Amino acid sequence: MKRIIDLMRIDLMGFKGKKDTDFKFFLFFTIVLGIALIFAGSFVSLFVLVVAIVMCNMLLSNEEKKGYRKSFGVVPTDRKSVVIARFALLTLITTITGIITFIIMSITNKSGLYDTVWTDGAYADTNKFLEAALMPFINKAASRIVFGMIFMISLMVMSSMLRKYYKKGYKPKKNAALKGVLKVVGGYFGFGFLVAIIVFTPLKKIVFPVNAMFFSVIKSLAVPFDGMLAMLLFIAAGYGFAVYMAVCAVVDYEKREL
Amino acid sequence: MKLINKMIGRAAALVLAAGIAVSGTAFAAEKDEELTLPSGISVSAFEKKVGFLTNTYGSEINSKLPPTSAAVFHGDEILYTNYEGYINMKDDIVNDENAVYEWGSISKTMIWVSIMQLWEQGKIDLDADIRTYLPDGFLHNLTYDDTITVTDLMNHQGGWCESTYRLFVRDADDIGSLEEELRKIEPAQTFRPGEVSSYSNWGAALAGFIVQRVSGMDYTEYVHKNILEPLGMEHTAVSADHSDNMWVKEQREKLRSYTMPMMLPIWEETGAEPVYCPIYPSGAAVGTIGDLARYAQAFVDDEHPLFEKAETQEKLFSGSAFYGESDIPCCSYGFWPQEYAVRVYGHDGGTNSGVANMLFNRDSKVGLVVLTTNSDHNYNPMFSLLPEYVFGDYTGKELSSQNEKSVELKGEYTFSRTTLKGIGKFYSLLGIVDGDKIEGMTDIGNDVYKLTYVDNYSDRAEIFGRSRYSDGTEGIRLGSAEYIPVKMYVPKICLLSAFFLAGISAIFVLLAKRRLKKAKIISPYKGEFIFTWAQLAKAASLLAIAVLLVAAMSDTGISKSLGACAGVTQIISFVVCAAAAAAGAAFIIRRKISKYGKICYFFSIAGNIVTASAIAVFEMYRFWGC
């Protein structure tokens, strides 16, 4: 255990000397999400996803670019511990970010910021459409479910990136963090394309009932404790996936010729 | 969905408001003697409103429309008819008076009329135990010994919960006699008879079987002789495969139904292959809008063409169940009273291929019938807004008083029309309403609740009743069903969630173990065989539930064979998980295991106990008799 904690400390030290670019990106995204908070609190949960992707990229580029791999030469360790330490560190960072984000989201929802800005006074009638469109993000239970889903996706993306690294290695790219986010955006449009394929082909006969089943289950799990149960289920599934990816990464890294 | 509904409704209301503003003076200039509908508008104004709505809807969709047929009548006079859209868009077959539609549950009203006819003839006693009219031992799935009266069947208070198994079949040759089909899918009796209203297709079809037994005629033959022929309804079929009227059967084959996938403005054709209702008295009727109008007109006719005595028709609409202790009826011998600006009676219906509505006000003798094959009927203003145009909005103002007090509901409620026993028991947890979240409901006395809200910029109200049950709990009565309190909701939903989690975790553990074994990182350990099988069992149990849920949402529902497969899977899973939990406990107690090993065994035991408990508590194994 001590060895794993030491390895985590080394990685944390690496973040201190990091170039400003990624932090500027962080700052930009934080401002964007801060503005998004005016619309609804649950937008802020996207921050978890961004942190997970950016931190993962930063950690891996540190290892490759700054020679942190060499530092493991002076710390007695094995491949298994290195993988576990990385997974543990990034999971911890994602979890802490998640907790902070959840607190911010809860405060925003509780403060009724949305109600003040959009539904009072002159805006009351003109923003009916906006109100309807954003309602899923405003409802307490729905915002928790959205948060749980984004948290789960963050853990899945982060652990998949790490596993890929330990399986195939890292090829440094310019603006890796930005590219990571662009991948997410690309994924979003890719998802839209996939939906279009499903809608216009016989695939829908299978996909629609399955979708309906998921919505039905999620909807019912959203009732108890104002969506807390569904949120915890999503998060638990995310951790389950991360653990599985860690196991696979250990196996892949042990096998890999360095 | 509600939001989208609201948005469309609001948009429609805005458009209509503009339309009325433009043509308001024209309405005022209509001739004085013109009939005014219960909503307060003249027939010509109604026609203009509907015409405006049709044009707007058509231009919004920007394509051909699915067929919607509507008729408004006053006594024996048809005031308005509309045949909108295409019954087959691909082949350009335009909707007209010869188009036939599936009437769905409106078919049930023929059972109730038949029962009242036989009651009038003294052949049926509405207060008699239904077992008097059934073969010995016909009902083999009863929980309570209490009498089930014929009136209980008409009020949907026989106590049967929703059946897990399918109501429709694809192959007409699979359909047996009504008696056989009823025996095949007898649901569990989960409520004390006469206590809880739980809309039951099976219970209604059982009443159809009683008609058959008492009259000595096949149900189809009875309905033809005593309802369709006296009313001159020549374009209606009532048998399961529609073979009792070949013209209708041929017309039905031309009909297509349409849906908008994911709310995209593209119509997807469905219903090319008809599905059949084996317990046909409950929902197999097919016919034209003209025939449905003729049928509805009979109920406002002072000549009472369906009954020998006027008193029988009066009794049919005198109310057989009431909200709380009030005289506001919530059921009238199988017909559903509804409060608009006036009280109307009727029934609606829905199948995989269409939706239908029949409403009439007996005082004004005005009625409305609407049929469509557009399964997104909630978004079809032609279907959803017409009742308001004819009968007006209900505001509940006449029930307002100073003694009104707000109702504070506590706890969780589930709809009584759900599966409460058998492999689908967990469904009851999938439609929970949180009592704390219901706002705007007031108690207006006599155990009647009023819910007021604003929709389309106008005040509206709905009436509910408080139900008191023999176990001391209370529920909320809607028209055809009730919201009943769920006991031990939090532990149950936590168990169900833990069951999902155990299943998902088992899948990850199995995958991880496979990877580690392949890489020869882990070596065989004590009890590995049983634990691996337990992980497979947990995953299989979850998969079985997922398959059932998907099948339940398909066109034909869950088949008996699928239910049996799922049930057997759950029995095996239960045995394996219980054995693995016991083995895990034995290993922890008897063997020296590392701290890490103990944690692994502990999680394994917990997962197995959760899965086995969920299978037992939610009766996932019980594939028979539900």
Does segment B:198-208 contain any residue that is farther than 19 Å from B:Gly283 by Cα and not assigned by TED's automatic domain parsing to the domain that holds B:Ala481? no
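Conditions tested, residue by residue: (1) modelled with pLDDT of 70 or more; (2) of a type outside the set (S, T, N, Q); (3) part of a helix (DSSP H, G or I).
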{"residue": "A:Arg9", "(1), (2), (3)": "yes, yes, yes"}
{"residue": "A:Lys18", "(1), (2), (3)": "no, yes, no"}
{"residue": "A:Val32", "(1), (2), (3)": "yes, yes, yes"}
{"residue": "A:Ile35", "(1), (2), (3)": "no, yes, yes"}
{"residue": "A:Ser45", "(1), (2), (3)": "yes, no, yes"}
{"residue": "A:Val50", "(1), (2), (3)": "yes, yes, yes"}
{"residue": "A:Cys56", "(1), (2), (3)": "yes, yes, yes"}
{"residue": "A:Arg69", "(1), (2), (3)": "no, yes, yes"}
{"residue": "A:Gly73", "(1), (2), (3)": "no, yes, no"}
Please work out which residue is modelled with the highest pLDDT, limiting yourself to segment B:264-283 and to residues that are part of a loop (DSSP other than H, G, I, E, B) and within 14 Å of chain A (Cβ to nearest Cβ). B:Trp267
A:Leu194 vs (1) within 14 Å of chain B (Cβ to nearest Cβ); (2) free of Cβ contacts under 8 Å to residues at least 40 places away in the same chain; (3) surrounded by 14 or more Cβ atoms within 10 Å (Cβ to Cβ): all pass except (3)
Listed residues B:Glu474, B:Glu482; which is without any contact (Cβ under 8 Å) to a residue 12 or more places away in the chain, away from chain A (no Cβ under 14 Å) and touching a strand residue (DSSP E or B) at 6+ places or on another chain (Cβ under 6 Å)? B:Glu474
Members of segment B:424-442 that are more than 10 Å from chain A (Cβ to nearest Cβ) and in contact with an Asp or Glu (Cβ under 7 Å, 6 or more places away or on another chain): B:Lys425, B:Gly435, B:Thr442
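Is it fair to say A:Leu89 is within 14 Å of chain B (Cβ to nearest Cβ) and modelled with pLDDT of 90 or more?
Working: within 14 Å of chain B (Cβ to nearest Cβ): no; modelled with pLDDT of 90 or more: yes.
In short, no.
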State which residue is modelled with the lowest pLDDT when the search covers only segment A:92-121 and only residues that are surrounded by fewer than 20 Cβ atoms within 10 Å (Cβ to Cβ) and among the small types (Gly, Ala, Ser). A:Gly121
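In segment B:463-520, what count of residues is obtained for those that are small (Gly, Ala, Ser) and under 18 Å from A:Met231 (Cα atoms)?
5
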B:Gly334 being farther than 30 Å from B:Gly85 by Cα, in contact (Cβ under 8 Å) with a residue 24 or more places away in the chain and buried (at least 23 other Cβ atoms within 10 Å of the Cβ): yes
Counting only residues in segment B:499-514 that are more than 30 Å from the chain's Cα centre (by Cα) and more than 7 Å from chain A (Cβ to nearest Cβ), the one farthest from B:Phe602 (Cα to Cα) is identified as B:Arg514
Within the set of pairs 6 or more residues apart or between chains, which connect a residue that is of a type in the set (A, V, I, L, M) inside segment B:521-534 to a residue that is modelled with pLDDT of 75 or more with Cβ atoms less than 6 Å apart? B:Ile522/B:Leu516; B:Ile530/B:Ala580; B:Ile530/B:Ala583; B:Ala534/B:Val576; B:Ala534/B:Cys577; B:Ala534/B:Ala580; B:Ala534/B:Asn608
Counting only residues in segment B:574-626 that are of a type in the set (Ser, Thr, Tyr) and in a helix (DSSP H, G or I), the one farthest from the chain's Cα centre (by Cα) is identified as B:Tyr596
Would you check if there is a residue in segment B:303-315 being free of Cβ contacts under 8 Å to residues at least 24 places away in the same chain and part of a loop (DSSP other than H, G, I, E, B)? yes
Taking segment A:197-236, which residues are within 7 Å of chain B (Cβ to nearest Cβ) and at pLDDT 80 or above? A:Leu229, A:Leu233, A:Ala236
Does B:Val238 satisfy the criteria of being of a type in the set (Val, Ile, Thr) and under 22 Å from the mean Cα position of the chain (by Cα)? yes
Residues of segment B:354-389 being hydroxyl-bearing (Ser, Thr, Tyr) and crowded, with 24+ Cβ neighbours inside 10 Å, in sequence order, are B:Thr372, B:Thr373
Residue, nearest to B:Phe415 (Cα to Cα), within segment B:448-488, restricted to residues that are of a type in the set (Asp, Glu) and modelled with pLDDT under 90: B:Glu462
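The rows are residues; the columns are (1) surrounded by fewer than 20 Cβ atoms within 10 Å (Cβ to Cβ); (2) in a helix (DSSP H, G or I); (3) charged (D, E, K, R); (4) not assigned by TED's automatic domain parsing to the domain that holds B:Ser467.
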residue	(1), (2), (3), (4)
B:Asp127	yes, no, yes, yes
B:Arg131	yes, yes, yes, yes
B:Gly137	yes, no, no, yes
B:Leu142	yes, no, no, yes
B:Asp145	yes, no, yes, yes
B:Asp152	no, yes, yes, yes
B:Pro193	no, no, no, yes
Would you check if A:Arg144 is within 19 Å of A:Thr91 (Cβ to Cβ), more than 9 Å from every other protein chain (Cβ to nearest Cβ), buried (at least 20 other Cβ atoms within 10 Å of the Cβ) and touching a residue at least 60 places away in the same chain (Cβ under 8 Å)? no
Look through B:Ala296, B:Ala341 and report the one residue that is of a type in the set (A, V, I, L, M, F, W, C) and either under 30 Å from B:Ser177 (Cα atoms) or out of contact with any helix residue (DSSP H, G or I) (no Cβ under 9 Å at 6 or more places or on another chain) (or both). B:Ala296
Tally the residues that are away from every other protein chain (no Cβ under 13 Å) and more than 47 Å from the chain's Cα centre (by Cα), restricting the search to segment B:515-535. 6
Given the condition farther than 24 Å from B:Arg294 by Cβ, at pLDDT below 90 and touching a Leu at 6+ places or on another chain (Cβ under 8 Å), answer yes or no: does some residue in segment B:34-45 qualify? no
Return the pair list, or none, for Cβ contacts closer than 7 Å from residues in segment A:237-258 that are more than 7 Å from chain B (Cβ to nearest Cβ) and closer than 18 Å to A:Ile4 by Cα to residues that are aliphatic (A, V, I, L, M) and part of a helix (DSSP H, G or I), at least 6 apart or on different chains. A:Ala242/A:Leu155; A:Met245/A:Leu162; A:Ala246/A:Val83; A:Ala246/A:Ile84; A:Ala249/A:Val83; A:Ala249/A:Leu162; A:Val250/A:Val83; A:Tyr253/A:Val83
Can you find even one residue in segment B:337-349 that is in a loop (DSSP other than H, G, I, E, B) and over 22 Å from B:Ile463 (Cα atoms)? no
Would you check if there is a residue in segment B:296-318 being surrounded by fewer than 17 Cβ atoms within 10 Å (Cβ to Cβ) and under 17 Å from B:Ser480 (Cα atoms)? yes
Residues in segment A:167-186: is at least one surrounded by 13 or more Cβ atoms within 10 Å (Cβ to Cβ) and either within 25 Å of B:Ala552 (Cα to Cα) or within 14 Å of chain B (Cβ to nearest Cβ) (or both)? yes
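The values are calculated or read from the model by the stated rules, or taken from the named source; none is laboratory data. Nothing here was measured: the structure is a model prediction, and the numbers come from that model. So basically every Cβ, Gly included, is an ideal-geometry build from the backbone, and we count neighbours across all protein chains shown.
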